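*Asks:* Have a look at the structure that comes next, please.
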2 protein chains.
Amino acid sequence: MNQKERFGIALVGCGIVGGGTARLLTEDQNFLQERTGLPLVLKYIVERDYSNARALGIKEDLFEEDYNKVLADPEIKLVVELIGGLTIAKKMMTKALEAGKHVVTANKALLAHYGPELFALARKHNVCIGFEASCGGGIPIIKALTDGLLANRIEALFGIVNGTCNHILTEMTEKGQSYKNALKSAQAAGLAEADPTLDVTGMDSAHKITIMGSLAYSEKISLETVPVQGIDTVDLYDIKTGQELGYIMKLLAIAQKTDKGLALSVAPAFLHKNHPLARISGAFNAVSVYGHAVGHTMYMGRGAGSSPTASAVVADIIAIALGVTPQAFKTLTFWPDLTADAVQLPQGELESRFYLRFMVQDRQGTIARISTILSKHSISITSMLQQEGETDSIPLVMTTHLAKSGNVQEALKEIASLEEVENKPVSLRIVEEYPESVS
Amino acid sequence: MNQKERFGIALVGCGIVGGGTARLLTEDQNFLQERTGLPLVLKYIVERDYSNARALGIKEDLFEEDYNKVLADPEIKLVVELIGGLTIAKKMMTKALEAGKHVVTANKALLAHYGPELFALARKHNVCIGFEASCGGGIPIIKALTDGLLANRIEALFGIVNGTCNHILTEMTEKGQSYKNALKSAQAAGLAEADPTLDVTGMDSAHKITIMGSLAYSEKISLETVPVQGIDTVDLYDIKTGQELGYIMKLLAIAQKTDKGLALSVAPAFLHKNHPLARISGAFNAVSVYGHAVGHTMYMGRGAGSSPTASAVVADIIAIALGVTPQAFKTLTFWPDLTADAVQLPQGELESRFYLRFMVQDRQGTIARISTILSKHSISITSMLQQEGETDSIPLVMTTHLAKSGNVQEALKEIASLEEVENKPVSLRIVEEYPESVS
């Protein structure tokens, strides 16, 4: 680009991340110019409510309510979409792309639902979309997948990609808090929304694995095909019992290559306490990526928050102003508008170890009956724990060797129908450290 | 680039990393073409000894001894320098740049010694140098510093960047092995060179902190100004005693911003066992980078080895063929041929906690005399450990609050001159978790 020409930026949405972005672009404008040589200029902020922008001391002459005027300004090369949600955000992004503006966004929901359509639209108008901030907050994980690890066939990707859930699980694990109280503490710490549904149901993690998995494997993943389980049904008893057995519970987003297709999932799972991801605690995120050449690499950082996410937004702005993202978008072939639908492993075919818990009445022969059913479905047990109970109903906990998840589900159905078994049995994956294949 | 035009690559050096690179570029040629859309072609391998290439099954028609012929081939756009060392490598790289070829290298020694000169030469000939593989093996840490974290003022960088040393320290810590035996085991595992001097003296880590630090801070660091201490003088006794106090020893490369300039060092140091870097064990490397916006980010992976390092080499080749590295090299301003000399914190000014060990004869008043000297130099003690000894000479271990390293060195000199103090006192930094400044 011509270095004397200003690179005009319009920011749509000035909430938590938008505010952080506005601050970085204005307070650090000279620093950014010195460090990059690029004349980045935040020219407009489009918002319905400027109270946050005012509170941050953003200059009022940036405020502009007329989005059409912004898009008509030829100096605006790039629109940053940070309003979130699906409806208005999609309209605003579509208009920007149609006006020939590059777009940078942190909106994982939008990209997980409409990524291929939006990427195709960008391509049609010869612009591109930067979305580093959509996954893992400030961690440059999209860059790693689309650049640093490009020489690799990715074999597996495991992510702790929701800070709210990780904070809640950490509180429950380390302080023995109930789910309810841990959620309240996350809300008090500004880590969870007033309506935390997207986070705690695992949907937010599903959005992110859809985006990351599509890039990692050059296969288009459809959000609705990802099996999703949240942490909202997790019982403190299982966290504590898992801990006694040496495991830590994390909400894991997984995209793993198998001979029969991609195995995708979002679910709470147990990791051995020495597993590298077991130690990622609180609001931190981490993504482990295994490549056929590089082996295990891991990326850790703050997965949310104003300035960490803004760090990723501004990195995207720089890469677009520099011309490198447009070039990558034009030439590389793994963008989700260009790839075929992912071939997925049929869900019951996934092999994993499992933690199982049954609530049983203390009768003679119960363990034998349960073990027999498990054995009939080719499930073998590695450990068993039955504590003495004060009530009639006693928890019986088992961990298994590798078993097909379909077999486990069938066995559990059968066990649930036993007379002495109360409630629905609990099953949680035990995810072992993925074996590297490096040479 | 024109996508029909082949992007010809010449590989100079076909040892461990060169062999891995040749395999990736040949065995995975179709995969790379599919994944990137780039027609990368390995056309020549220049080596004096082709035995490794032959053992790997590389096709002999790639072997070419005449480097001038290679450079004269207009289809060759890029030369990969993987012979290592300073003399021949520098000549070969210089010739490639002068012939208008881009260069990719894993040669940290060369870049740490002659980086500014080589970058300037590349710039003069309108080509660029890719060096992701020079630091942290397969970890895309150079990309993080020159791209993903660009919006940040970097505040601190802590790296475990030598797999040989980390393997040796891990063996000593976990298995109580002597330094000598741990070194032998590293050599047996192919993790240490027959001559491990560059690794165990810390020089290799110094090369890497010179390269990473110059980029992180946009200030040119001169290798000879980095204080370097290796692991070759580490005593198993201190590792064990540190462990009893809750600390793990790591060889840390540090570049930290202070009010008075950059604090650079390579030295064995103690980390609390819960410090994120304390858990990086064996041959793994990790780099923690703290930015003013992003907070703490950490990058982990294999720091050496054939295919992990080749992964970084091929990522660099892709980024150059794609045109993105040339663009970044032209526009961004932090390359070491463009920046001013780093302003460094005077060495004695560094504030840190310390682990101190004195070998003393068991006399009355010794602790008082030592404590008095420390106190006189404004050093206060946080813990003390004196074990009963079977010999006359007893180890006395102390940990300190934050103290100026210059004061510590002066105090130690004075203490060493006490009659009852034998040997040279041992002092090791205790590096605490760096406080994030994110908002």
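*Asks:* Which pairs have Cβ atoms under 9 Å, sit 6 or more apart or on different chains, and link a residue in the stretch B:207-218 that is closer than 11 Å to B:THR339 by Cβ to one that is assigned to a helix (DSSP H, G or I) and among the charged types (D, E, K, R)?
*Replies:* If the second residue must be assigned to a helix (DSSP H, G or I) and among the charged types (D, E, K, R), the pairs left are B:SER218/A:GLU34; B:SER218/A:ARG35.
*Asks:* A follow-up question, please. Can you find a residue that is surrounded by 15 or more Cβ atoms within 10 Å (Cβ to Cβ), part of a strand (DSSP E or B) and either in contact (Cβ under 8 Å) with a residue 24 or more places away in the chain or hydrophobic (A, V, I, L, M, F, W, C) (or both) anywhere in the stretch B:405-417?
*Replies:* No: the stretch B:405-417 contains no residue that is surrounded by 15 or more Cβ atoms within 10 Å (Cβ to Cβ), part of a strand (DSSP E or B) and either in contact (Cβ under 8 Å) with a residue 24 or more places away in the chain or hydrophobic (A, V, I, L, M, F, W, C) (or both).
*Asks:* Against the condition in the same structural domain as B:GLY323 (by TED's automatic domain parsing), in a loop (DSSP other than H, G, I, E, B) and over 17 Å from B:CYS128 (Cβ atoms), how does B:GLY100 come out, does it pass?
*Replies:* No.
*Asks:* Another question, if that's okay. Within the bounds of the stretch B:244-258, is there any residue that is surrounded by 22 or more Cβ atoms within 10 Å (Cβ to Cβ) and within 14 Å of another protein chain (Cβ to nearest Cβ)?
*Replies:* Within the stretch B:244-258, one or more residues are surrounded by 22 or more Cβ atoms within 10 Å (Cβ to Cβ) and within 14 Å of another protein chain (Cβ to nearest Cβ).
*Asks:* Would you mind stating whether A:THR173 is surrounded by fewer than 24 Cβ atoms within 10 Å (Cβ to Cβ), away from every other protein chain (no Cβ under 14 Å) and β-branched (Val, Ile, Thr)?
*Replies:* Considered against the rule, which asks whether it is surrounded by fewer than 24 Cβ atoms within 10 Å (Cβ to Cβ), away from every other protein chain (no Cβ under 14 Å) and β-branched (Val, Ile, Thr), A:THR173 comes out as yes.
*Asks:* Among the residues of the stretch B:327-337 satisfying the criterion of being more than 7 Å from every other protein chain (Cβ to nearest Cβ) and assigned to a loop (DSSP other than H, G, I, E, B), which is farthest from B:ILE211 (Cα to Cα)?
*Replies:* It comes out as B:ASP337.
*Asks:* Another one. Here are the criteria: (1) away from every other protein chain (no Cβ under 14 Å); (2) touching a His at 6+ places or on another chain (Cβ under 6 Å). Tell me which single one A:ALA96 does not satisfy.
*Replies:* (2)
*Asks:* Continuing with this model, one more query. Considering only the stretch A:380-404, state which residues are more than 20 Å from A:PHE270 (Cβ to Cβ) and in a strand (DSSP E or B).
*Replies:* Of everything in the stretch A:380-404, those that are more than 20 Å from A:PHE270 (Cβ to Cβ) and in a strand (DSSP E or B) turn out to be A:SER393, A:ILE394.
*Asks:* For the stretch B:112-131, name all the residues that are more than 23 Å from B:LEU262 (Cβ to Cβ) and in a helix (DSSP H, G or I).
*Replies:* B:LEU121, B:ALA122, B:ARG123, B:LYS124
*Asks:* Still on this structure: Scan the stretch B:313-326 for residues that are of a type in the set (Gly, Ala, Ser) and at the interface with chain A (Cβ under 7 Å from one of its Cβ atoms) and jot them down.
*Replies:* Residues satisfying the conditions are B:ALA315, B:ALA319, B:GLY323.
*Asks:* Does at least one position in the stretch A:133-140 carry a residue that is without any contact (Cβ under 8 Å) to a residue 12 or more places away in the chain and farther than 27 Å from A:GLU349 by Cβ?
*Replies:* Among the residues of the stretch A:133-140, not one is without any contact (Cβ under 8 Å) to a residue 12 or more places away in the chain and farther than 27 Å from A:GLU349 by Cβ, which makes the answer no.
*Asks:* Moving on to the next point. Looking at (1) away from every other protein chain (no Cβ under 13 Å); (2) not in a helix (DSSP H, G or I), find the lone condition where A:LEU150 falls short.
*Replies:* Unmet condition: (1).
*Asks:* Additional query: Hey, B:ARG363 hits all of (1) basic (Lys, Arg); (2) closer than 20 Å to B:TYR247 by Cβ; (3) part of a loop (DSSP other than H, G, I, E, B) but one; which does it fall short on?
*Replies:* Unmet for B:ARG363, out of (1) basic (Lys, Arg); (2) closer than 20 Å to B:TYR247 by Cβ; (3) part of a loop (DSSP other than H, G, I, E, B): (2).
*Asks:* For the structure I just gave you, tell me whether A:THR258 is within 12 Å of the chain's Cα centre (by Cα) and either over 24 Å from A:THR170 (Cβ atoms) or acidic (Asp, Glu) (or both).
*Replies:* In short, no.
*Asks:* Report, by residue number, each residue of the stretch B:233-273 that is within 20 Å of B:LEU385 (Cβ to Cβ) and part of a loop (DSSP other than H, G, I, E, B).
*Replies:* Once the filter is applied, which keeps residues that are within 20 Å of B:LEU385 (Cβ to Cβ) and part of a loop (DSSP other than H, G, I, E, B), the stretch B:233-273 yields B:VAL234, B:ASP235, B:LEU245, B:GLY246, B:LYS273.
*Asks:* Just to check your reading of the model, which residue among B:SER281, B:SER288 is among the small types (Gly, Ala, Ser) and within 23 Å of B:PRO196 (Cβ to Cβ)?
*Replies:* None of the other options fit; the residue is B:SER281.
*Asks:* Right, next: Among the residues of the stretch B:90-143, write down those that are more than 22 Å from the chain's Cα centre (by Cα) and either modelled with pLDDT under 95 or among the basic types (Lys, Arg) (or both).
*Replies:* B:LYS91, B:LYS95, B:LYS101, B:ARG123, B:LYS124
*Asks:* Tell me, which helices (runs of 4 or more DSSP H) lie completely within the stretch B:18-91 with 1 or more residues that are surrounded by 14 or more Cβ atoms within 10 Å (Cβ to Cβ), within 13 Å of another protein chain (Cβ to nearest Cβ) and in contact with a strand residue (DSSP E or B) (Cβ under 9 Å, 6 or more places away or on another chain)?
*Replies:* It comes to B:29-36.
*Asks:* Another question, then. Sort out which residues of the stretch A:182-222 are closer than 25 Å to A:ARG153 by Cα and under 12 Å from the mean Cα position of the chain (by Cα), and write them in order of number.
*Replies:* Hits for the stretch A:182-222 are A:SER205, A:ALA206, A:HIS207, A:LYS208, A:ILE209, A:THR210, A:ILE211, A:MET212, A:GLY213.
*Asks:* Here's a follow-up. Any idea which residue in the stretch B:166-215 is nearest to B:PHE270 (Cα to Cα), counting only those that are touching a Gly at 6+ places or on another chain (Cβ under 6 Å) and hydroxyl-bearing (Ser, Thr, Tyr)?
*Replies:* B:THR170
*Asks:* Would it be correct to say that A:LEU183 is crowded, with 24+ Cβ neighbours inside 10 Å, in contact with a Pro (Cβ under 9 Å, 6 or more places away or on another chain) and in the same structural domain as A:PHE270 (by TED's automatic domain parsing)?
*Replies:* Against the criterion (crowded, with 24+ Cβ neighbours inside 10 Å, in contact with a Pro (Cβ under 9 Å, 6 or more places away or on another chain) and in the same structural domain as A:PHE270 (by TED's automatic domain parsing)), A:LEU183 qualifies.
*Asks:* All but one of (1) touching a residue at least 60 places away in the same chain (Cβ under 8 Å); (2) surrounded by fewer than 16 Cβ atoms within 10 Å (Cβ to Cβ); (3) farther than 26 Å from B:TYR290 by Cα; (4) of a type outside the set (Val, Ile, Thr) hold for B:GLU432, so report the exception by its number.
*Replies:* For B:GLU432, the exception is condition (3).
*Asks:* So, in the stretch A:287-312, exactly how many residues are within 8 Å of chain B (Cβ to nearest Cβ) and not in a loop (DSSP other than H, G, I, E, B)?
*Replies:* Total satisfying the criteria: 15.
*Asks:* Somewhere in the stretch A:339-352, is a residue β-branched (Val, Ile, Thr) and buried (at least 23 other Cβ atoms within 10 Å of the Cβ)?
*Replies:* Checking the stretch A:339-352: not a single residue is β-branched (Val, Ile, Thr) and buried (at least 23 other Cβ atoms within 10 Å of the Cβ).
The values are calculated or read from the model by the stated rules, or taken from the named source; none is laboratory data. Given the structure is predicted, the values throughout are model-derived calculations rather than measurements. Glycine gets a Cβ as well: all are built from the backbone with ideal geometry, and neighbour counts include every protein chain shown.
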